[in-house]
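Peer 1: Right, I'll just put the structure down here and ask away after.
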Amino acid sequence: MPTSVHFKSMRDALKDPEILPTDFAKFEQPYQHHICHLALSEFQKSAGRNPKPYKAEDNATFVNLCKEVNEKHSLGLEVNAQLCEEFANGCSGQLVGVQAFIGGTAAQEVMKACSGKFMPTKQWLYFDCVEVIPPGLKEADCESTDSRYDGQVLCLGKEMNAKIADQKWFVVGAGAIGCELLKNFAMMGVGHNKGMLTVTDMDTIERSNLNRQFLFRSWDVTKMKSDTACNAVKEMNPDINVTSHQNRVGPETEKVYTDSFFADLHGVANALDNVDARSYMDRRCVYYKLPLLESGTLGTKGNVQIVLPHITESYSSSQDPPEKTIPMCTLKNFPNAIEHTIQWARDQFEGLFTKTAENCHKFITEPKFLEKQKSGGALMSILEGLRKDLSRERPNDFTDCIRWARMLFEDNFHNTIAQLLYNFPPDQKTSSGAPFWSGPKRCPAAIDFDANDSEHLDFIVAAANLRAFNYSIPTNKNRDFIKGHVTNVTVPAFKPRSGVKIAVTEHEAENMHNDDESDSDKAKCILEELNAKMDQLRSLNIQVADFEKDDDTNFHMDFITACSNARAASYRIAAANKHKTKLIAGKIILQSPRQLQ
């Protein structure tokens, strides 16, 4: 529901500030900062400049001004002289991290104002990080050096600035967080004297990265992230010492990242997107007694963890609670929320265009692929999938992909539902006499395909193009062409069968999943059929569709949105547009919630 937000006028807000806290450990400080900013304005009017760091006369004048503005605006606060002096000492300087925070916050407020979405900050927000200021600084320590780091020197002093210049840090990952870290390190001058920034990332830049990995441009697509990021920060600060690697961190690269490599470091900054790599680097830092800066994002949320040897717990010392999962029987047969249909559609994508294509590619290119698979039902399922996708239903052209997509629609949204209603009719009663279709169980309706229904056609367009991509067949976005061919597909009439088991509870679903049996004779026949065509199969170029939600040209989100909404229509669940579907699908992760991007 839209909400009207009312703000105080500047005149009233100055006297009666409504402050959004940023650090609950400093609950009283924002009000002191409010006084300090008002006093700073008065100081600038009278002196024509900011207070000089650690200059006794300026500090005394500033504290008196704080007391005066407190009385002038009837704030009724007790002025903290020490905090006011700290403010005066630091207000002439500039810290990169604080600037990044203010810039990011301001950008978010602009986006809120432009979009009308999300609640704006109300009404004052003050932020400080006085903890980073070394104790015992004097006026001479913070004098200008006529360098690009003067803003930092004014806050931290010459000695701390020199230490920053000699730091050696290992930045693991050059994605969204890695770009931000490298930008901040470069602007701070980390390693620009005797130090070094070492960056590793084995990925290449994709077009979908450009909206959040700001060191990259459109002409950088397909280049290595680490090389491009290092070149970008080198342009920002030519003094910086930075080197790029393209290695995965793990046991296999311990010959590269040796004892001597870690012994020479001052710290590690993780910018990773998976828990395994994070845990590995955490173990390395614990072993070598190195500080670790750990961070991650998930949508608009973010987390940062500072790990210091012998002071804080390590990253791996705590575990996230297990993620809540949707019961299998709910996903397969009894969805009642749009989240259920989106999860089901996401699973469909994974099974149809990722896992199946991966199995086909490995079967063709890896002679021992099947030997690595578990025997029993899992192996049989893989073999049946290989026979279907490499032999009996393998497409030769795009029209075959359209035909396959039409049959997939029929199976998912008509035949499966018709079989479910055959087993459990709308008037079905439970053993206690209560209606079977009640509570969270919504009675579905089988969907009849209509090429004139834009959502039905959306499904065919996306599914056919993804199928074509898997087999390296030229794709086709012409909806009229696809519509003309899909209407000519002959679809066999479906007749529900007796004896088909459908799981009603999670226990039944798990038992049915575990009861799959292997038929060795059948497996042998399938393998012989596939091996007889191996020479022909080797000419295929099977491509795996790895899910990427941020590329609007790859049909991934088009398929998931159309698939989810068709299932939602069958179960009378309100549909979700592509934007909402993307937000939900982007949060569906198979591992711990700590696997952030």
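Peer 1: Could you say which residue among Arg278, Arg283 is open to solvent by 80 Å² or more (accessible area, probe 1.4 Å), of a type outside the set (Ser, Thr, Tyr) and touching a helix residue (DSSP H, G or I) at 6+ places or on another chain (Cβ under 8 Å)?
Peer 2: Exactly one of Arg278, Arg283 is open to solvent by 80 Å² or more (accessible area, probe 1.4 Å), of a type outside the set (Ser, Thr, Tyr) and touching a helix residue (DSSP H, G or I) at 6+ places or on another chain (Cβ under 8 Å), namely Arg283.
To keep it simple, each residue is scored yes or no on (1) closer than 23 Å to Lys582 by Cα; (2) modelled with pLDDT of 90 or more; (3) of a type outside the set (Asp, Glu).
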{"position": "Tyr280", "(1), (2), (3)": "no, yes, yes"}
{"position": "Cys285", "(1), (2), (3)": "no, yes, yes"}
{"position": "Thr297", "(1), (2), (3)": "yes, no, yes"}
{"position": "Pro309", "(1), (2), (3)": "no, yes, yes"}
{"position": "Cys329", "(1), (2), (3)": "no, no, yes"}
{"position": "Phe353", "(1), (2), (3)": "yes, yes, yes"}
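Peer 1: Does Thr3 satisfy the condition of being open to solvent by 90 Å² or more (accessible area, probe 1.4 Å) and of a type in the set (Val, Ile, Thr)?
Peer 2: When the stated conditions are applied, Thr3 passes them.
Peer 1: So which residues in the stretch 39-90 are in a helix (DSSP H, G or I), over 42 Å from the mean Cα position of the chain (by Cα) and charged (D, E, K, R)?
Peer 2: Residues satisfying the conditions are Glu42, Lys45, Glu57, Asp58, Lys67, Glu68, Glu71, Lys72.
Peer 1: Another question about this same structure. Go through the stretch 232-266 and count every residue that is under 25 Å from the mean Cα position of the chain (by Cα) and surrounded by fewer than 18 Cβ atoms within 10 Å (Cβ to Cβ).
Peer 2: Number satisfying all stated conditions: 4.
Peer 1: Moving to a separate point now. If a residue has to be among the polar types (S, T, N, Q) and either over 21 Å from Cys329 (Cα atoms) or in contact with a Ser or Thr (Cβ under 7 Å, 6 or more places away or on another chain) (or both) to count, how many in the stretch 433-461 make the cut?
Peer 2: Within the stretch 433-461, residues that are among the polar types (S, T, N, Q) and either over 21 Å from Cys329 (Cα atoms) or in contact with a Ser or Thr (Cβ under 7 Å, 6 or more places away or on another chain) (or both) number 2.
Peer 1: With Asp389, Asp347 as the choices, which residue is open to solvent by less than 30 Å² (accessible area, probe 1.4 Å) and either farther than 30 Å from Lys582 by Cα or part of a helix (DSSP H, G or I) (or both)?
Peer 2: Within the list Asp389, Asp347, the selection yields Asp389.
Peer 1: Output the residues belonging to the stretch 431-481 that are open to solvent by less than 70 Å² (accessible area, probe 1.4 Å) and basic (Lys, Arg).
Peer 2: Lys441, Arg467
Peer 1: Quick one: how many residues across the stretch 109-124 are within 25 Å of His33 (Cα to Cα) and open to solvent by 60 Å² or more (accessible area, probe 1.4 Å)?
Peer 2: 3
Peer 1: Could you figure out which of (1) charged (D, E, K, R); (2) farther than 23 Å from Ile177 by Cβ; (3) at pLDDT 85 or above; (4) not in a helix (DSSP H, G or I) isn't true of Glu548?
Peer 2: Among (1) charged (D, E, K, R); (2) farther than 23 Å from Ile177 by Cβ; (3) at pLDDT 85 or above; (4) not in a helix (DSSP H, G or I), Glu548 violates only (2).
Peer 1: Scanning for something touching a residue at least 60 places away in the same chain (Cβ under 8 Å), open to solvent by 50 Å² or more (accessible area, probe 1.4 Å) and over 17 Å from Tyr126 (Cα atoms), does the stretch 29-51 turn up at least one residue?
Peer 2: No; the residues of the stretch 29-51 include none that is touching a residue at least 60 places away in the same chain (Cβ under 8 Å), open to solvent by 50 Å² or more (accessible area, probe 1.4 Å) and over 17 Å from Tyr126 (Cα atoms).
Peer 1: Let me ask another. Could you tell me which residue of the stretch 7-24 is farthest from Ser74 (Cα to Cα), considering only residues that are open to solvent by less than 90 Å² (accessible area, probe 1.4 Å) and aliphatic (A, V, I, L, M)?
Peer 2: Looking at the filtered set, the residue picked out is Leu20.
Peer 1: Within the stretch 164-194, count every residue that is within 24 Å of Val98 (Cβ to Cβ) and crowded, with 21+ Cβ neighbours inside 10 Å.
Peer 2: Residues flagged as within 24 Å of Val98 (Cβ to Cβ) and crowded, with 21+ Cβ neighbours inside 10 Å within the stretch 164-194 amount to 18.
Peer 1: For the stretch 554-579, which positions are open to solvent by 60 Å² or more (accessible area, probe 1.4 Å) and either closer than 29 Å to Leu386 by Cβ or in contact (Cβ under 8 Å) with a residue 40 or more places away in the chain (or both)?
Peer 2: Once the filter is applied, which keeps residues that are open to solvent by 60 Å² or more (accessible area, probe 1.4 Å) and either closer than 29 Å to Leu386 by Cβ or in contact (Cβ under 8 Å) with a residue 40 or more places away in the chain (or both), the stretch 554-579 yields Ala569, Arg572, Ala574, Ala575.
Peer 1: For the stretch 144-158, give me each residue that is assigned to a loop (DSSP other than H, G, I, E, B) and in contact (Cβ under 8 Å) with a residue 12 or more places away in the chain.
Peer 2: Once the filter is applied, which keeps residues that are assigned to a loop (DSSP other than H, G, I, E, B) and in contact (Cβ under 8 Å) with a residue 12 or more places away in the chain, the stretch 144-158 yields Thr145, Arg148, Tyr149, Gly157.
The values are calculated or read from the model by the stated rules, or taken from the named source; none is laboratory data. A quick note: this is a predicted structure, and the numbers were derived from the prediction, not measured. Here Cβ is always computed from backbone atoms with ideal geometry, including for glycine, and neighbour counts include all displayed protein chains. Only protein heavy atoms, including side chains, enter the accessible area calculation; ligands, DNA and RNA are left aside. Shrake-Rupley method; radii C 1.70, N 1.55, O 1.52, S 1.80 Å.
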